[in-house]
Amino acid sequence: MKRILLSLFTAVVAIPAMAQLDRSVRPEPGPAREPEIAEFEEFELDNGIQLIVVENHKLPRVSMQVSLDIDPIYEGDKAGMISLTGDLLSEGTVNRTKEQLDEEVDFMGARLSTYSSGAFVSGLSKYDESLMGILSDVIMNPRFSEEAFEKLKQQNLSGLKANANDPGALMSDLWSGRIYGLDHAYGEILTEEKVENITLEDCKNYYNTYFKPNIAYIVIVGDIDPDDAEEMVEKYFGDWEMGEVPTHDVSVPEVPAATYVALLDRPASVQSEIRIGNRVVLPVGSEDLEAVRLANMILGGGSLGRLYLNIREDKSFTYGAYSSIGTNEHVSTFVASGAVRNEVTDSAIVEFLYEINRIRTELVSEKELQDAKNYLAGSFGRSLESAQTVANFGLNIKRYGLDEDYYNDYLQRLDAVTAEDVRAAAQKYFLAENLTIAIVGKASEIAPTLDKFGEVQRFDRFGMPAAATVAVPEGMTADDVMEKFYESIGGMEAVKAVENYTVTAEASIQGMTITLTETWMAPDMYKQESMSPMGGQELIVNGDDVRVMSGGQEVPITPEQAEESKADASIFEFEDHSAVKKVLQPNLVEVNGQQAYAVEFHDGDDVTTHYFSAETGYRIRSSSLAMDQTGQEVVRDVDYSNFTSVNGITMPQSIMAPLGPMVVEFKVTNMEINSENIDASMF
């Protein structure tokens, strides 16, 4: 009843208001309001530390951050060393072991993070001095233990293996390498070989060279008195000794002479990752900043941007198409991006280029301009609710030499931008004739239509020019590939003699060990067991009988799930593939640095592509389609390596496989073939 009365009251009140207003006339926007930006205080210590304090007593919390003003550094054959050094800072200090450090942070309910140019800690303000003590300890007294170094190094190597075929990671490397160059601090690509080159001494040298107070900014935000903050910083950081810090020139790479296509072949892809753009020089404080941000907002800054409305809403080519432009004191990028189905890759690129050209040549509408201004002004206003924003403003003013009223005047500058200013900014920063069109996708399907956009250059996953496409030998068939495969693992006679098989493998995820055991017995018995600190599960298949056990209890499954489990309850090496429809792709493809035959296995509408090394015959990858948590179709890759013979059968000892949203490496710890310990009672 209350809701009905309220609706009636609203309608009655609205009637006279509607009678007094002409809704056909857009009201004139009022003058841009003055933002209310909290004040910050600045101090400088004798050793050169610049201290910025934002006092805010709304909540009993405080955050503290040390940021070092270090130029970008090209690392060469030891790429990854700087990042690894930053991670090492939180692995213990001279005064605290890793365990003690974690216990102190957890006791206070605090948060600590470290990185290559500083550290951050936050927590309740009643612990402010303890927090400052931890911050100074990790910055000034890192332990740099060999054990922690090796652990983090292996984590980095595992991450590289996991991302070796991830389309997003491949695109990130392709894009940075093409825009900046492989010999640029922003463009060099991390590889396993480079990480292997890193030594603990390298990390110590980086720390000793660059961690100096005279290039340090300390930002403190929250429930703390500025004078108390200064006194605390003096107490904990006052003894930090100054030193000379090297500077590095960061070059601005040339843009390409003409728009071209950089293509990285990912044979299993069902959609193409696309990035289109160019490098830009747009430092914080640039006089063009408001105009170019409005241009980007209108082009592709969100779901109301032209790219989204055109490529998603109108054409249905993708789930999203966006653009962005970065600010950086050296060099950054403008980029428009999206992931589209293979069959519409060229059509999507046409629309991307159309929208980029349109905003460069046509004036944006009054509504588009005002909507974009409203959005940016609203975002700015909401950001002021955070004291951390004010601290960042203060840090930018200090680091980049901005006028003290730079942020106070932001809304006036934004409001003053005209449609002509937007077009001029787009013409300056969105380079229609000098674009890089980077694509990660299935070259055999998308490459034939790409040359209309410019020269097509192919690259491998390390950013180097890809080897020329090699056709499979004339007359070779999928059955020939399979014959070579069976020969490589021991021969068909040995394979047919296998009556049972069991393998146990382990993977480590965020410090937890997961154990997976597969057991198979001819003709149709299969068992999969998984164990982790969270508990265990079993899948058991015995002919038509399918059971799933969890915590000792049987879990109900649908008939469809039972059929899927039966279909998967086999070991590829011991299956009879003679009756399966197989299609050999016409060209060799590169898989983890090896040339491989790609053979599609068709099971009704389902297709799995297996990749067999052209040199050894081993199966080194399997790719299949699956649905992710958002309902999008994604490719699931499983990679096989480190082959070893057991009882005359050669099997992989390392398996990179998807586990939820992650990719993890399972390492075989035990493998038995034709074991006396396996019998039907196990199933």
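All of the numbers you see were taken from the coordinates with simple rules; none came from a lab. Computed from a prediction, not measured in an experiment: that's the story for all the values here. Cβ atoms come from the backbone with ideal geometry, glycine included; neighbour counts cover every protein chain shown.
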Practice item. Report, to the nearest 10°, how far helix 387-400 tilts away from the longest principal axis of the Cα atoms in the chain, using its own Cα long axis and a range of 0 to 90°. Key: 80
Review point. Once you wrap a convex hull around the alpha carbon atoms of the chain, what is its projected area averaged over all directions, in nm²?
Key: 39.0
Review point. Where does the charge balance sit around N156 when Lys and Arg score +1, Asp and Glu -1, over other residues with C-beta under 14 Å from its C-beta?
Key: -4
Practice item. Kindly put V481, V270 in sequence by how many other C-beta atoms sit within 10 Å of each C-beta, fewest to most. Key: V270, V481
Practice item. Would you order T616, T85, T259 from fewest to most other beta-carbon atoms within 10 Å of each residue's own beta-carbon? Key: T616, T259, T85
Review point. Rounded to the nearest 500 deg cm²/dmol, what is the calculated helix-only ellipticity per residue at 222 nm for the chain, with -39500 (n - 2.57) per DSSP H run of length n ≥ 4?
Key: -10000 deg cm²/dmol
Study note, to complete from the structure: Exposure-ranked with fewest Cβ neighbours within 10 Å first, E244, E499 stand as E244, E499
Check your understanding: Regarding segment 631-683, what is the average projected area of its C-alpha convex hull, in nm²?
Key -> 5.8
Practice item. Give the calculated FRET efficiency between S347 and A471 to the nearest 0.05, with a Förster radius of 41 Å applied to their Cβ-Cβ distance. Key: 0.90
Study note, to complete from the structure: Taking a crude spin-label model, label points 7 Å out from Cα along the C-beta direction, the E231 to E41 distance in nm is 1.1
**Study point:** Rounded to whole Hz, the Karplus (6.51, -1.76, 1.60) HN-Hα couplings of segment 429-446, x for glycine and proline
**Key:** 10, 9, 8, 4, 9, 9, 8, 9, 9, 9, 9, 10, x, 7, 4, 4, 9, 9
Study note, to complete from the structure: One finds, for N396 and T515 with R0 = 51 angstrom and r their Cβ-Cβ distance, a FRET efficiency to the nearest 0.05 of 0.55
Check your understanding: What residues qualify as long-range amide H neighbours of N587, i.e. H under 5 Å apart, gap of 5 or more or another chain, H built at 1.01 Å from N?
Key -> V472
Review point. Viscosity 0.692 mPa s, temperature 37 °C: Stokes-Einstein D of segment 478-682 from its Kirkwood Cα radius, in µm² per second?
Key: 180
Check your understanding: For K367 and N328, FRET efficiency with R0 = 30 Å and r from the beta-carbon atoms, rounded to 0.05?
Key -> 0.40
Review point. How far is helix 345-361 tilted, in degrees, relative to the longest principal axis of the Cα atoms in the chain, given as a value from 0 to 90 rounded to the nearest 10?
Key: 10
